[in-house]
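Chemist: Let me begin by handing over the structure; questions about it come next.
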Amino acid sequence: MLGTMDQLHSIRVFVAVAETGGFAGASRKLNLSPASVTRAVADLENHLGVPLFTRTTRVVRLTDAGATYLEDGRRLLSDLDDADSAVTGVHGTPRGRVTITAPAMFGNLYVTPLVADYLGRYPDTRAACLFVDRVVNLDDEAVDVAVRLGELPDSSLQAVRVGTIRRVLCASPAYLARRGMPQHPRELADHTVITPTGLTATTRWRFADGDDTLACDLRPTLMTTSNDAAITAAAAGLGIARLMSYQVREPLRDGRLQLILTAYETGPVPIHVLHRQGRRPNAKVRALLDLLIEGLRADPALHPPA
């Protein structure tokens, strides 16, 4: 059986092998001999009684048990880093790995530049960016910080509001010149519609109509899971797309797209930065939170006029 300190060492080595994709990469990353890396993983596998990797002459792959244990191992190492920070003080020098999640396009456009700034300021840190269009469970996936768009359900997360965006309809000037400018949401049934929200045959768009909500069921001509594809198609003159205001900032600015039916837009969509409640942010997380909050609040695209 492994002692506690030996097991922690073996877990660190195991995580490094998984993250670098091989024993040689972990050896270089941890400045350990290849034999030490191999021995540490073998000791951990013997301790657990299950193989964590499938090894061939060319590749090293996680087994199902290894994939599960990787998340637990990352969480344990993160907890140890947090404990160290609690002793040394949250105002110490940021160091270590921080994981952040955000919607894919928002992460690319707005979060990545801030993360790059963060890494430049704090050379002892590393960042993992999980940019996906789904709600990520911060505890289950060992994520430190999240940027969320939309109303937040009640949860155990600490949230700071940093801005708002709008749901907007847009089309190219060429399309509107050819097909005419719709004056009411019901007229959309006579137009070519582009939807980036999935591959369903029908889509329901909701609008504000005075104090009421108006729902329009439409049959899109183009369905896509990519916001970029919807923007490209709309700018090329195919039809009308419904997107978030931040996504079409540049096409609107350079005239490739223009807004329509603005009087029927629904209310603003909030943007929040979140972290796990009950976990005092350590230096690396606190520094990232501060940079994200300051940077997102300062971006005029995330504070559109009413």
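The values are calculated or read from the model by the stated rules, or taken from the named source; none is laboratory data. Quantities reported herein were computed from a predicted structural model and do not represent experimental measurements. Cβ: placed from backbone, ideal geometry, glycine included. Neighbour counts: every protein chain shown.
Chemist: So SER36 ticks every box in (1) at pLDDT 90 or above; (2) hydroxyl-bearing (Ser, Thr, Tyr); (3) closer than 24 Å to ASN137 by Cα but one. Which box is left unticked?
Modeler: That leaves (3) as the condition not met.
Chemist: Can you name every residue in region 55-75 that is free of Cβ contacts under 8 Å to residues at least 24 places away in the same chain, β-branched (Val, Ile, Thr) and surrounded by 12 or more Cβ atoms within 10 Å (Cβ to Cβ)?
Modeler: Correct list: THR63, THR68.
Chemist: Now, a different point. Counting just the residues of region 32-54 that are of a type in the set (A, V, I, L, M, F, W, C) and in a loop (DSSP other than H, G, I, E, B), which one comes out surrounded by the fewest Cβ atoms within 10 Å (Cβ to Cβ)?
Modeler: VAL50
Chemist: Another question about this same structure. Quick one: would you say ASN31 is more than 29 Å from LEU289 (Cβ to Cβ) and either in the same structural domain as ALA146 (by TED's automatic domain parsing) or at pLDDT below 90 (or both)?
Modeler: Considered against the rule, which asks whether it is more than 29 Å from LEU289 (Cβ to Cβ) and either in the same structural domain as ALA146 (by TED's automatic domain parsing) or at pLDDT below 90 (or both), ASN31 comes out as yes.
For (1) assigned by TED's automatic domain parsing to the domain that holds MET181; (2) part of a helix (DSSP H, G or I); (3) over 28 Å from ALA159 (Cβ atoms), each residue gets a yes or a no:
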{"site": "ILE194", "(1), (2), (3)": "yes, no, yes"}
{"site": "CYS216", "(1), (2), (3)": "yes, no, yes"}
{"site": "ALA233", "(1), (2), (3)": "yes, yes, yes"}
{"site": "LEU243", "(1), (2), (3)": "yes, no, no"}
{"site": "PRO251", "(1), (2), (3)": "yes, yes, yes"}
{"site": "GLY255", "(1), (2), (3)": "yes, no, yes"}
{"site": "HIS275", "(1), (2), (3)": "no, no, no"}
{"site": "LYS284", "(1), (2), (3)": "no, yes, no"}
{"site": "GLU294", "(1), (2), (3)": "no, yes, no"}
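Chemist: Please pick out the residue among LEU152, LEU169, LEU138 that is of a type outside the set (Gly, Ala, Ser), part of a loop (DSSP other than H, G, I, E, B) and crowded, with 20+ Cβ neighbours inside 10 Å.
Modeler: LEU138
Matching residues to (1) at positive phi; (2) modelled with pLDDT of 95 or more; (3) of a type in the set (S, T, N, Q):
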residue	(1), (2), (3)
ARG134	no, no, no
ASP139	no, no, no
TYR175	no, yes, no
THR195	no, no, yes
THR203	no, no, yes
LEU214	no, no, no
LEU222	no, no, no
THR225	no, no, yes
ILE240	no, yes, no
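Chemist: OK, next. Return the residues of region 296-306 that are assigned to a helix (DSSP H, G or I), at pLDDT 90 or above and within 19 Å of the chain's Cα centre (by Cα); say none if nothing qualifies.
Modeler: LEU296, ARG297
Chemist: Related question: Here are some residues: THR195, THR125. Which one is over 26 Å from ASP217 (Cβ atoms) and either among the basic types (Lys, Arg) or crowded, with 16+ Cβ neighbours inside 10 Å (or both)?
Modeler: THR125
Chemist: Would you pick out the residues in region 16-31 that are under 16 Å from ARG126 (Cβ atoms), within 26 Å of the chain's Cα centre (by Cα) and buried (at least 20 other Cβ atoms within 10 Å of the Cβ)?
Modeler: Listed by number, the residues that qualify are ALA16, ALA18.
Chemist: Filter region 89-131 down to the residues that are of a type in the set (Val, Ile, Thr) and either touching a Lys or Arg at 6+ places or on another chain (Cβ under 7 Å) or at pLDDT 90 or above (or both) and list them by number.
Modeler: Correct list: VAL90, VAL98, THR99, ILE100, THR101, VAL111, THR112, VAL115, THR125.
Chemist: Inspect region 245-261 for any residue being surrounded by fewer than 16 Cβ atoms within 10 Å (Cβ to Cβ), over 24 Å from the mean Cα position of the chain (by Cα) and of a type in the set (Lys, Arg) and give the result as yes or no.
Modeler: Checking region 245-261: at least one residue is surrounded by fewer than 16 Cβ atoms within 10 Å (Cβ to Cβ), over 24 Å from the mean Cα position of the chain (by Cα) and of a type in the set (Lys, Arg).
Chemist: Same structure, new question: Exactly one condition in (1) touching a residue at least 40 places away in the same chain (Cβ under 8 Å); (2) in contact with an Asp or Glu (Cβ under 6 Å, 6 or more places away or on another chain); (3) of a type in the set (D, E, K, R) is false for ARG204; which is it?
Modeler: Checking ARG204 against (1) touching a residue at least 40 places away in the same chain (Cβ under 8 Å); (2) in contact with an Asp or Glu (Cβ under 6 Å, 6 or more places away or on another chain); (3) of a type in the set (D, E, K, R), the one that fails is (1).
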